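First the structure, in the form of structure tokens, and then the observations on it.
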Amino acid sequence: MKKKIFYATISLILLSAIAKILSFIVRIYLARVLPLEAMNLYSLTMPTLVFLIALAQMGIPTALSKVIAQSINPLNGILSSFILSLINNIVLIGLFWLLIPFLSVHLFKDAQISAILKSMIFMIPMVTLSGLCKAILQGKQHHSIACTSQIFEEIFRLVFLMIGFTFLLKDARSLATIAMFSVFVGECGSTLFMLAFLFLKKQPLKKRQHDLKKEHFVEILSLSIPMTSSRLIGSLTYFLEPIIFLAFANPDMLKNAYGIFNGYVLPLLTMPSFISVTLASALLPTFVYEKKHNHLEKAKKIFYMMSLICLFISLSCALITYFFPNEILMLFYNTKEGSSFLKNSSLPFIFYSLQPVLSSILHALDQSKKALVDTLIGCLLRLAILALLTPALKENVLIFAIIVSMLTTTLLHALRVRYSLKKLSSTS
């Protein structure tokens, strides 16, 4: 049994690694093909897509996977989730369509962004369907299939980009629109793969009697709303960031800075966090198990060991990007744009790798609400810095705001973990 769990975990880590590598290849390809103007447009609108995805799903897939895992007859949960998602999507699509002119002209201050925003409309129902399919698979313990779907997503997206950039229009707006629409194509590939598996295995459609009632909808909503809070806070901050950034200084100059930082620099700074997220996913159940069996010292040793591994990997990557920023940017993106951003951000971002591990421990210690408060404080601080210091710091405010926000959240997490572990030790 232990061997089966071990091999399943290794399999998931390998599949996640392949998906992450393919995702980074897509980023590299976009950075090499898109001219700076197109990259700026793409980077400015990406936070809107992330926020839309969070609103479209509203935590319903996560809630559904839990309901399926603990229910004898999951069909009621599946039907109620689909109905709630359908209603949510209809409202969201209508509101977003009406807001597109206002967003493009008044907030992003660029009318050509309207076409890019319109291409996101297709994403809303597709990402919802994809999330529900993934929830069904995860609820029925088909984790490897759900993970493999991410590989199909990146492959479909990469193929579409290669075809689109070769045969379609080449102006900045069209290139940015193709890049944005590729996210939809990737979700289509992922969803088709999952639907094919579900259809062949006939997973969701077992012929059982169902009687859809109000409590089935309440059950999904009672789980989904708390689960999506943290994600909504992060995605809303990400959505507001470029809008606030552009509101206080020269839009053209800041568009370039925002495109360079988010298109070239930030992916390199956050790349080591993949290991942290993987280790954090393994840490949560392990820590809970050891704590439950009163092996607190062993649980703490595992936590400290994983934290040190994350720090070591992050430190190694940070030193490389600090001493060789030009070479790294040329290697991945064939450009030296953003070298000063990369150099100045490298060392502070060492501590970013601790966030997933610290957050995982807080969840294991039943401190989820406090972790949410820490995230909220960091996000509000980030937006406040952008609003107050953009006129003085110009493009450098991006680095300052992100670093201060990240360090604040990490420090608050660390203090809460230290206090909780100390309290737990004294009571055990």
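Elements of the type helices (runs of 4 or more DSSP H) sitting completely within region 309-428 and holding at least 2 residues that are more than 30 Å from residue 33 (Cβ to Cβ) and aliphatic (A, V, I, L, M): these cover 354-364, 368-393, 397-427. For residues in region 87-122 being in a helix (DSSP H, G or I), in contact (Cβ under 8 Å) with a residue 60 or more places away in the chain and of a type in the set (A, V, I, L, M, F, W, C), which is most open to solvent (accessible area, probe 1.4 Å)? Residue satisfying both the conditions and the ranking: 122.
Checking each residue in region 261-278 for being within 27 Å of residue 38 (Cβ to Cβ) and at pLDDT below 75 picks out only 274.
Among the conditions (1) farther than 30 Å from residue 176 by Cβ; (2) aromatic (Phe, Trp, Tyr); (3) at pLDDT below 80, residue 323 misses just one, which is (3). The sole residue among 61, 125 that is open to solvent by 40 Å² or more (accessible area, probe 1.4 Å) and either part of a helix (DSSP H, G or I) or among the charged types (D, E, K, R) (or both) is 125. Scanning region 118-131 for residues that are among the hydrophobic types (A, V, I, L, M, F, W, C) and either touching an Asp or Glu at 6+ places or on another chain (Cβ under 8 Å) or closer than 12 Å to residue 190 by Cα (or both) turns up 123, 126, 127, 129.
Residues considered: 388, 412. Of these, the only one that is over 30 Å from residue 293 (Cα atoms), open to solvent by 40 Å² or more (accessible area, probe 1.4 Å) and free of Cβ contacts under 8 Å to residues at least 60 places away in the same chain is 388. Looking across region 36-48, the residues that are open to solvent by 30 Å² or more (accessible area, probe 1.4 Å) and modelled with pLDDT under 85 come down to 36, 37. Only one entry in 416, 382 is modelled with pLDDT of 85 or more, within 18 Å of residue 261 (Cα to Cα) and not β-branched (Val, Ile, Thr), namely 382. From the list 151, 145, the lone residue that is farther than 22 Å from residue 67 by Cα, part of a helix (DSSP H, G or I) and not charged (D, E, K, R) is 151. Restrict the check to region 74-82 and report whether at least one residue is in a loop (DSSP other than H, G, I, E, B), in contact (Cβ under 8 Å) with a residue 40 or more places away in the chain and either touching a strand residue (DSSP E or B) at 6+ places or on another chain (Cβ under 8 Å) or crowded, with 17+ Cβ neighbours inside 10 Å (or both). Yes - at least one qualifying residue is present in region 74-82. Is one or more of the residues making up region 335-358 open to solvent by less than 60 Å² (accessible area, probe 1.4 Å) and on the phi > 0 side of the Ramachandran plot? Yes, region 335-358 has at least one match. In this structure, residue 401 qualifies as within 21 Å of the chain's Cα centre (by Cα), of a type in the set (A, V, I, L, M, F, W, C), more than 23 Å from residue 275 (Cβ to Cβ) and open to solvent by less than 30 Å² (accessible area, probe 1.4 Å).
The values are calculated or read from the model by the stated rules, or taken from the named source; none is laboratory data. Keep in mind the model is a prediction, meaning the values are calculated, not measured. Here the Cβ is made from the backbone with ideal geometry for all residues, glycine too, and neighbour counts use every protein chain on show. What goes into the accessible areas is simple: the full protein's heavy atoms, side chains included, and nothing from ligands, DNA or RNA. Shrake-Rupley method; radii C 1.70, N 1.55, O 1.52, S 1.80 Å.
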